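Undergrad: Questions regarding the structure given below will be posed in turn.
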Amino acid sequence: MNRAWRSLEGLSGRPSAPYVLTGIALVEYAVVSLAFPLAAGRDLGTYVRAAFELRQDDIVLPQAMLMRAPVTGVVAEGLLALGPLAAEGAMALLYALSVLCWWLIARRLSAATGLAVAGLLLAYPSYVLLFHRLASDALYAAGFAFAALLTARVVDRRTPGRAAALGAALALLVLIRPVSQILILLAPLLLLGRDAWRPRVGALAAFAAAAVLPLAAWAGHNAVRADDLTVVRGAGHGLPLYRAFVVDRIVDPGNGEASRELARAVQAELLPREPYRSYEIGLETFFSAGSARMHEDLIGLADRTWGWDDDYGQLAAVGRESVRAEPGTYARGVLRDAWRLLWWPVFLPLPDDASAAPARTLALSSQLPEPSEGQPIPSASVSAFISTPDERFREVWSSPTAHEIVARDPSDAAHLDRMNRHVNDVVDRFETRDTSAMLGEWLNRASRWFPRPAVWFLVGVIAIVIRRPRHLTMPVLLAAAALLVVLGTSLAVPAAAEYSAPVAPALLLLAASGLLAPRSERP
């Protein structure tokens, strides 16, 4: 066994090693595709909607563009324009290059660490499954791997050029998933070290400029074209309100003046509308139901009541009042979901005859249809993406369940129709083919049994304490970045494994470094 391992270490040092690893990853992706062909991932339609609006000469639906970071929609449109097989091939290559990045990072510590990270990452079902859904999750995983490699280069040698490349990578991560803004907290670490102050300050300045300038340019674009100086609109209704309202259910009119003002607006403007009226939703139910559809209604309500320029300041105040009123509940919810993110694996749905049965949409006699997904209402009363500063769109309900979007101007209606057709066309471009249900079941089962990110983190911490290996700055920094992303995500939204799987390789790297990196020579 020792001899075989030594042979592998020798092979990993050959010039052909990166190509061999890339080939293995591509073969693995192809095998997994027999069970799970590339398909639309979470919320892909909303990203494509944003990309559609971005390409227009005149922004008619600014909210559709501003509510999503731009990279995912633009990349998805571009890949699917080449055809479904080309898109699948591109995602396979993206997966292989991500594995390659993590191997290159780990190999800087030792050949054994590189082999362990590459082998474990290839065996990690959640990671490869992530790349079989075209969504922000897979693109973020690739972006994080690339940024991690750039981080390793900066740790090796801190130059303004390397720091600027890392800053640009951070800007890219923000434009894929805005929670990455929390990683700016790690920027001051560029000042640490034994170098003279001037190179350290120069590296930090280069990093900051490269990170801020692209984001400032995008925010300026949004200000000029969509009347909102922001990278992504909606922080006020997301953090901490979404978690407080939907997950922890601690929003209450008694929490403070902002909450009472919101309750008055809900009572006057939302509850008399469909579907609230027919489903007999009262104020107490509205605030206690934990409904994402009701939260969506708060977005349009805030724009109509407090104005577009308020930028959800009122909703942010409500969220803060809720956290102050129930800090323990909020903190426990954040910690619970952070733990879930470090524990839950990624699964992909298998063909299921029972789930394929049509949902109940018609009611017997005078009974109302039961809303889907356990929600108290069948849909938000007003779709959030149609909110505009001039209220040029309305949602008109003709029954407790039937509704349509109506525009004042026929040209706006035509624009909306083109958008909807484009989104449907893009999402329908994925190839449908026969799949192996047995392989899919085995892959999901393997995902369940593979050691979770929390285990790798714990192993890494224990191994570092016991073995005290050298050159831990880079793996510790990357693990800290991963944990910051997990924490930042948990502050706003409930747990979903797709949020943490993109950064989980950093925790795997920490474990491999603790176990296999050369030990410190100091006693």
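The values are calculated or read from the model by the stated rules, or taken from the named source; none is laboratory data. Given the structure is predicted, the values throughout are model-derived calculations rather than measurements. Note that we place each Cβ from the backbone using ideal geometry, even for glycine, and neighbour counts take in every protein chain shown. Heavy atoms of the whole protein, side chains included, go into the accessibility calculation; ligands, DNA and RNA do not. Shrake-Rupley method; radii C 1.70, N 1.55, O 1.52, S 1.80 Å.
Undergrad: On the basis of being farther than 19 Å from residue 325 by Cα and either outside any loop (DSSP other than H, G, I, E, B) or open to solvent by less than 20 Å² (accessible area, probe 1.4 Å) (or both), does residue 293 make the cut?
TA: yes
Undergrad: Looking only at segment 244-258, which residues are in a loop (DSSP other than H, G, I, E, B) and either of a type in the set (Gly, Ala, Ser) or touching a residue at least 60 places away in the same chain (Cβ under 8 Å) (or both)?
TA: Within segment 244-258, 248, 250, 251, 252, 256 qualify.
Undergrad: Give all pairs with beta carbons closer than 7 Å in which a residue from segment 99-110 that is hydroxyl-bearing (Ser, Thr, Tyr) meets a residue that is open to solvent by 30 Å² or more (accessible area, probe 1.4 Å) and not in a helix (DSSP H, G or I); count only pairs at least 6 apart in sequence or on separate chains.
TA: As it stands, the answer is 110/518, since those pairs meet every condition given.
Undergrad: Name the pairs: first residue in segment 463-487 and more than 23 Å from residue 178 (Cα to Cα), second residue of a type in the set (S, T, N, Q) and open to solvent by 30 Å² or more (accessible area, probe 1.4 Å), Cβ to Cβ under 8 Å, at least 6 apart or on different chains?
TA: 468/520; 469/520; 470/520
Undergrad: Please state which one of 64, 106, 96, 69 is open to solvent by less than 10 Å² (accessible area, probe 1.4 Å) and part of a loop (DSSP other than H, G, I, E, B).
TA: 69
Undergrad: Can you find a residue in segment 452-471 that is touching a helix residue (DSSP H, G or I) at 6+ places or on another chain (Cβ under 8 Å), of a type in the set (Phe, Trp, Tyr) and at pLDDT 95 or above?
TA: Yes, because at least one residue in segment 452-471 is touching a helix residue (DSSP H, G or I) at 6+ places or on another chain (Cβ under 8 Å), of a type in the set (Phe, Trp, Tyr) and at pLDDT 95 or above.
Undergrad: Another question about this same structure. Restricting segment 259-288 to residues that are assigned to a helix (DSSP H, G or I) and open to solvent by less than 20 Å² (accessible area, probe 1.4 Å), which is nearest to residue 312 (Cα to Cα)?
TA: Per the stated criteria, the residue is 262.
Undergrad: Also, quick follow-up: Quick one: in segment 44-57, of everything that is surrounded by fewer than 21 Cβ atoms within 10 Å (Cβ to Cβ), touching a residue at least 12 places away in the same chain (Cβ under 8 Å) and not small (Gly, Ala, Ser), which residue is nearest to residue 383 (Cα to Cα)?
TA: My answer is 46.
Undergrad: Still on this structure, I have one more. Do you know which of the residues in segment 370-399 that are of a type in the set (D, E, K, R) and under 27 Å from residue 308 (Cα atoms) is most open to solvent (accessible area, probe 1.4 Å)?
TA: Of everything passing the filter in segment 370-399, 394 is most open to solvent (accessible area, probe 1.4 Å).
Undergrad: Modelled with pLDDT of 95 or more and surrounded by fewer than 21 Cβ atoms within 10 Å (Cβ to Cβ): does that describe residue 321?
TA: Against the criterion (modelled with pLDDT of 95 or more and surrounded by fewer than 21 Cβ atoms within 10 Å (Cβ to Cβ)), residue 321 does not qualify.
Undergrad: What are the residues in segment 399-445 that are over 18 Å from residue 50 (Cα atoms) and among the small types (Gly, Ala, Ser), if any?
TA: 399, 402, 407, 411, 436, 437, 440
Undergrad: May I ask you to verify whether residue 185 is touching a residue at least 40 places away in the same chain (Cβ under 8 Å), more than 20 Å from the chain's Cα centre (by Cα), under 21 Å from residue 481 (Cβ atoms) and not in a loop (DSSP other than H, G, I, E, B)?
TA: Taking the combined requirement at face value, the residue does not satisfy it.
Undergrad: Hey, another quick one. Of all residues in segment 418-431, which are part of a loop (DSSP other than H, G, I, E, B), within 13 Å of residue 44 (Cα to Cα) and touching a helix residue (DSSP H, G or I) at 6+ places or on another chain (Cβ under 6 Å)?
TA: The answer is 429, 430.
Undergrad: Another question, then. Is one or more of the residues making up segment 165-174 of a type in the set (Gly, Ala, Ser), closer than 22 Å to residue 510 by Cβ and free of Cβ contacts under 8 Å to residues at least 40 places away in the same chain?
TA: Yes, the conditions are met somewhere in segment 165-174.
Undergrad: Name every residue in segment 72-93 that is surrounded by fewer than 20 Cβ atoms within 10 Å (Cβ to Cβ) and either closer than 27 Å to residue 27 by Cβ or among the hydroxyl-bearing types (Ser, Thr, Tyr) (or both), in order of residue number.
TA: Passing the criteria: 78, 81, 82, 83, 84, 85, 86, 89, 90, 93.
Undergrad: Being part of a helix (DSSP H, G or I), closer than 23 Å to residue 383 by Cβ and touching a helix residue (DSSP H, G or I) at 6+ places or on another chain (Cβ under 9 Å) narrows it down to one of 77, 28, so name that one.
TA: 77
Undergrad: Of everything in segment 409-431 that's acidic (Asp, Glu) and surrounded by 12 or more Cβ atoms within 10 Å (Cβ to Cβ), which residue is modelled with the lowest pLDDT?
TA: 431
Undergrad: Something else: Restricted to segment 29-43, and to residues that are open to solvent by 40 Å² or more (accessible area, probe 1.4 Å) and not small (Gly, Ala, Ser), which residue is nearest to residue 431 (Cα to Cα)?
TA: 34
Undergrad: If you take the residues of segment 223-243 that are part of a helix (DSSP H, G or I) and either touching a Lys or Arg at 6+ places or on another chain (Cβ under 8 Å) or among the small types (Gly, Ala, Ser) (or both), which of them is nearest to residue 318 (Cα to Cα)?
TA: If we take residues in segment 223-243 being part of a helix (DSSP H, G or I) and either touching a Lys or Arg at 6+ places or on another chain (Cβ under 8 Å) or among the small types (Gly, Ala, Ser) (or both), then 236 is nearest to residue 318 (Cα to Cα).
Undergrad: Hey, among 366, 399, 379, which residue is of a type in the set (S, T, N, Q), closer than 30 Å to residue 132 by Cβ, modelled with pLDDT under 95 and part of a loop (DSSP other than H, G, I, E, B)?
TA: On inspection, the qualifying residue turns out to be 379.
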